[in-house]
Every structure is written in structure tokens, then in C-alpha cells.
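Asker: Have a look at the structure that comes next, please.
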Amino acid sequence: MKSYSEYKEMNLPWLKTIPAHWEIRRNKNIFTEIKEKVGERSSEYTLLSLTLNGIIPRDLDAGGKFPSDFGKYKVIKKGDMVFCLFDVDETPRTVGLSNFDGMLTGAYTIMDVNNINSRYILYYYLALDNGKLLKPLYTGLRKTINVNTFQSTQIPAPPRAEQDQIVRFLDWKVSAVNRLISVKKKQVIVYRELRKAIIDQGMLYGFKNTDRKDSGIYWLGEVPATWDVLPLKRICRANASISDIVKTKNDSDLVTFLPMENVSETGNVDCSIKKKIADVRTGFSSFSKGDVVVAKITPCFENGKGACLDDLDTDIGFGTTEFINLRPSEKVLSKYLYMITMTRPFRKLGEEVMTGSAGQKRVSVNYIKNFTLGIPGIEEQESILAKIEQRLVQIDKIIEIERENIKHLLELKARIISDAVTGKIDVRNITVPEYEYVDNAADDDSERESEVNEGLNEEEE
């Protein structure tokens, strides 16, 4: 695609030149900050959320942190732009254009947009956000951008007709990429479901063609005749103590600490955080090497958060109180016990009996203790695990390939947006054909909405 014939200096840290006929404006020429609070009228407004897919209505039943009082939330109208001007590097998406009337956390900066195509300026700030290019404006430990500094920052402004053409071009090109991303992510979902099906087959029924018996469990049906039908409390201890090991340690000894984010939904564990025993002895869950941990709180439980701690790099550890610890007996391998907790019936049945308020529901220890299924002998457990591992390796390779393809498509989309809004390419004479618009909903995580910066500090105003 061709570039413009003539350029002039812009001299921003992230943008050195722009087409010669483009104007240079400042944010204050197009943005007016809106500070209206909802006050006692919060019940009249739809709660909105800034996400990787833009600004969307937030599901109050989906979990997450909420304030006790929404009075400090800000009113937002359709067509307003939203900026998160703090913790910019750590926030996946810091800009959005609202298609809804509603309310947003008071920690965000809300702007009325004038004298410019709002989708052009959205694309411009998406390009900066994709590369976190506003770093020169950060101050303080929170990497905050002062509103006055932001408002005085220069921006490129093509003639209005050209802005409109850039938006038409980008909507077309971005739709094409989003469509491909959507296809790839649907393929990932299919393979993830196949992964779950393989685990269920092996753990609930085995892979041998052998005699069966009725398990006596309504959802399970028949299991291999040689398997013992047992509740988990017969093969493991829940929340088993590590006090005998702790007695042998010094308060200054370092142990692994596992916050929820250091345990993945596929059983990977990040052991990089170490803490002194004196700092974690009380107020946290505890476990030892070889234990299995299961997240008990929504949505972590439903999503499969948990792990086998065979590879824990200290003999004991501590972590969030939202873990339930399972210690296997001689009747079950640690890895096999973990795989039981990864079966869909274990997660689905647990979800049905969770208790607590919305966003804070938890599965009980008694549910886990009494979860019942067929248990083979140790030798067959080893065989089942080997077969599952063999099949999952193949599936995981395919999933990784598709995720790499998605990554490359996202990079392509970011490059197209950046090149168009900064004048690296000239799209004025490109004819945009008829096409089906595909928005960023095709660009989500497909399994769950990726909300960002919820539970924000309301003092950040």
C-alpha cells in the first residue's frame, strides 16, 4: 500500500512525522471531560465495563468485585470516550468508545468528543494502547497520566473527509481480521472440549473394553467391574495439616507462595513467589509437595483452576485461602487425583451446589469429600494417565498452533490500525467494497469476557 507523497514533523515520542496536509491539534480541542456522578440514582443506570472488546454492559451475576455504593460512579452517554489513565501498562485495554448510556467506575476519565470523527480518534488511541506508547506521559508508581498533561498532548488530525475514509477502510480491514480470529478461536474451543472429553473418558470409564458394573451413581452409570466405587474422602484427606513439617522449620525459611493467579486452568504452577514462613504461617491455606489444590471460589472453580503439586520446589507451601488442599492416600496417585478434579462432572455438579452471594460463591469441602466415582488400582491409574497424556499432547500442540495464528492476526490488525491512523499508508483512493461488519466481539477470549480493572480504587479521580 502506498504512502503519502509529503510528510512534516510531528515530533511526538511515538510519532515523528505525519502527512504534510494533516493538522496538529491537542486533545483539549476535541475532548471535554465529563465528571457527572450518578449519586443516589445508580439504580437508574446500566453498569458498564471497559473490556478488551470495548465498553459493554456488565453482568452482575458473573462475579468480580463491586463497591458497596455506586454513588461515585460516573454517568456515561453513548458516543463518549473512556480512558483509564493509571496503571496503564498493567491494564489490557485503557480506551473505549461507548455505544451505551450507563455508568462506569469513577476511577476512569470520561470525555465528550467533538470536532473529530470519534471512531478515527478511537482507532488512533487503540494504536497507542496496543503498544503502550504513552509511557513518556506516565508519572509515579501507578504509571498515571495527569488529565491536564493528557489534554495538552498533540494528536494528528486529517481533514474530516479523510478521517471518514480512514474509518471506512479500517472497519473493513479489521472486520476481515476479526472474522479470521473468530474462526480460529472457535477451533480452539472445539479442541478444548475434545481435551475435556478425553479426560472424562479415561477418568470415569477407563480405556479398556472390559466387564462393567452399575456404579449406583445416577450421572455415572456403569464402570469397569474391577473398580471400587468410592467417595474422595476414602482416597484423600481434605485440608490436611502440614504442622509437623512446619515445626522443623525456622521462621526465616523461605517457602513457595501461590496466589490464585499463579495456578492456571490447565494445571500449570508458577512457583516464583517465595515468602518467609513467619509471614504466611497464619491466614493462608497450606499444602505440601505431592498435594492437589482446587480453587473453591467462582469463577475459578468452574474454569478448572487447580494443580497437582508434584513439582512444588519447596517441600511445603502456602497460598490463597480460596484453595482446598487434597492429600492423596496410598490408594491414589497425586496426578490421578488431580485429573479427577478436572472432569466435567466434578466441576458441573460442584457448580450446582455452590453457596454464597453473587460473585462470591464457593464450593464446600464436604462436596469434594463426598464426590463419588470409580477408582481403579494404582497400575491401571498409571496406564490411564499415560494414555490421557499421550492424547492431550497432540491436542495441546494443535491448540498452541491456533493460538500462535491468533497472535499473528492480532499483530496484523494492530499494524493496519497504526499505519492508517498515523499516515504511514494513504487509503484515500481505496474503494471499500460491501462487507459484513464484524466487531471486536470476535476478538474476545471466547470462553469468557475479559473485563479489565474492575474493583478499582474509587479515590483515583
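Values quoted throughout were computed directly from the atomic coordinates according to the rules given, and no laboratory measurement underlies them. Please read all numbers here as calculations on a predicted model, not as lab measurements. Glycine also receives a Cβ, built like all others from the backbone with ideal geometry; neighbour counts cover every protein chain displayed.
Asker: Counting other Cβ atoms within 10 Å, keep those with at most 16, restrict to DSSP loop, and tell me which GluC sites (Glu not before Pro) in segment 161-267 are left.
Answerer: Here the GluC sites (Glu not before Pro) that fit, given the DSSP loop and packing criteria, are Glu265.
Asker: What is the distance, in nm, between label points placed 7 Å from the Cα along the Cα-to-Cβ direction at Ile245 and at Leu230?
Answerer: For the pair Ile245/Leu230, the computed spacing is 2.2 nm.
Asker: Ranked highest first by the average count of other Cβ atoms within 10 Å around their residues, in what order do 383-389, 103-109, 333-339 fall?
Answerer: Per-residue Cβ counts within 10 Å, averaged per peptide and sorted highest first, yield 103-109, 333-339, 383-389.
Asker: Considering amide H positions built from the backbone, and no H for Pro or chain starts, which residues 5 or more places from Thr17, or on another chain, come under 5 Å of its amide H?
Answerer: Amide H neighbours of Thr17, under 5 Å, 5+ apart: Met10, Asn11.
Asker: Tell me which trypsin sites (Lys or Arg not before Pro) from segment 78-186 have a DSSP coil assignment and no more than 15 other beta carbons within 10 Å of their own.
Answerer: Counting only loop positions with at most 15 other Cβ atoms within 10 Å, the trypsin sites (Lys or Arg not before Pro) in segment 78-186 are Lys78, Lys132, Arg142.
Asker: Expressed in nm to one decimal, what extension gain is obtained for the pair Asp310 and Thr266 from 0.36 nm per residue of sequence separation less their Cα-Cα distance?
Answerer: 14.4 nm
Asker: Over the chain, what portion of Cα pair distances is larger than 41 Å, expressed as a whole percent?
Answerer: Of all Cα-Cα distances in the chain, 33 percent exceed 41 Å.
Asker: Amide H of Val95 versus every other amide H placed in the peptide plane: which residues, excluding those fewer than 5 positions away on the same chain, fall under 5 Å?
Answerer: The answer is Cys84.
Asker: If you don't mind, there's one more thing I want to ask. By a straight-distance test (C-alpha under 19 Å), which lysines pair with Lys35 as possible cross-link partners, with residues fewer than eight away in the same chain excluded?
Answerer: Lys72, Lys74, Lys77, Lys78
Asker: Let me ask something else about it. Take the alpha carbon atoms of segment 9-33, find their center, do the same for segment 150-211, and report the distance between the two centers in whole angstrom.
Answerer: Value for the Cα centre distance between the two parts: 32 Å.
Asker: Expressed as cubic angstrom per residue, what is the convex hull volume of the alpha carbon set of segment 185-227?
Answerer: Per-residue hull volume (Cα only) is 67 Å³.
Asker: Charges on Cβ only, +1 for Lys and Arg, -1 for Asp and Glu, centred on the Cα centroid of the chain; of Asn114, Pro13, Val95, which one is farthest towards the dipole's positive end?
Answerer: The residue sitting most towards the positive pole is Pro13.
Asker: Placing unit charges on C-beta atoms (Lys and Arg positive, Asp and Glu negative, everything else neutral), compute the dipole magnitude of the chain about its Cα centre in debye, rounded to 20.
Answerer: It works out to roughly 260 debye.
Asker: How many percent of all Cα-Cα pairs in segment 23-157 sit more than 27 Å apart?
Answerer: Result: 17 percent of Cα pairs exceed 27 Å.
Asker: If you don't mind, another one. How high is the FRET efficiency between Glu90 and Ile217 when r is their beta carbon distance and R₀ equals 41 Å, given to the nearest 0.05?
Answerer: Calculated transfer efficiency: 0.35.
Asker: Now for a different question. Could you calculate the contour length gain from Arg41 to Ala20, that is, 0.36 nm times the residue separation minus the distance between their Cα atoms, to one decimal place in nm?
Answerer: Roughly 2.7 nm would be gained on extension.
Asker: Another one. Would you calculate the separation in nanometres between label points at Val190 and Lys28, each defined as 7 Å from the Cα along the Cα-to-beta-carbon direction?
Answerer: In this crude label model, Val190 to Lys28 measures out at 5.6 nm.
Asker: Here is a follow-up. Scale the Cα Rg of segment 207-375 by the rule-of-thumb value 2.2 N^0.38 Å and send over the ratio, two decimals.
Answerer: 1.09
Asker: Check which residues have an amide H placed less than 5 Å from Tyr4's amide H, if you skip close sequence neighbours.
Answerer: Excluding prolines and chain starts, which carry no amide H, the hits are Asp426.
Asker: To the nearest 0.05, how large is the calculated FRET efficiency for Leu349 and Asp439 if R₀ is 45 Å and r is the Cβ-Cβ distance?
Answerer: 0.80
Asker: Still on this structure: In what sequence, highest mean first, do 300-307, 362-369 appear when ranked by Cβ atoms within 10 angstrom?
Answerer: Answer by packing, highest mean first, reads 300-307, 362-369.
Asker: Quick one: Karplus J couplings for segment 71-88, per residue in order, coefficients 6.51, -1.76, 1.60, θ = phi - 60°, nearest Hz, x for Gly and Pro?
Answerer: The phi angles translate into x, 8, 5, 9, 6, 10, 10, 4, x, 6, 9, 10, 10, 9, 9, 9, 6, 4 Hz.
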